[in-house]
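One structure below.
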Amino acid sequence: SGALYSVFLLRASRLLQEPAPPGLAAWAPVFRGASEAIREFGGAEPGDRTMLDALLPAVAAFEAGVAQRLTTAEILDRVAAEA
């Protein structure tokens, strides 16, 4: 899993180099893109019983929380529950 975490962080760092407004809204596409990097590199799909089965629902919860303008604490609670 170490290599996959590395892929996640490398993709996130690349996405964060692009100008974006501060705040949680800027992190939603980073979280999605970094998670997709794991999918691309590892070749797994949802349902394959991999870390993606926890990660992708967490990403969706994060995106939904941002869209609903929830507080950071509320978003993180939902992310943790989905993961």
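The values are calculated or read from the model by the stated rules, or taken from the named source; none is laboratory data. Predicted, not measured: the structure shown is a model, and the values here were computed from it. Positions of Cβ are generated from backbone atoms using ideal geometry, with glycine treated the same way; all protein chains shown enter the neighbour counts. Remember, those area values only see protein heavy atoms, side chains included, never the ligands or the DNA or RNA. Shrake-Rupley method; radii C 1.70, N 1.55, O 1.52, S 1.80 Å.
So the values come out like this:
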item: Mean Cα-pair separation over length for the chain, i.e. relative contact order, pairs under 8 Å, 6 or more apart, %; result: 27
item: Given charges at beta-carbon only (K, R positive; D, E negative), |dipole| of the chain in Debye; result: 180
item: Value of [θ]222 nm, deg cm²/dmol, for the chain, DSSP H segments ≥ 4, -39500 (n - 2.57) each, nearest 500; result: -24000 deg cm²/dmol
item: Accessible area per residue, Å², the chain with all protein chains present, probe 1.4 Å; result: 63
item: (1) 52; (2) 48; (3) 57, with the label sought being that of the calculated percent of Cα pairs over 16 Å apart; result: (1)
item: The chain - percent of accessible surface contributed by carbon and sulfur, probe 1.4 Å; result: 59
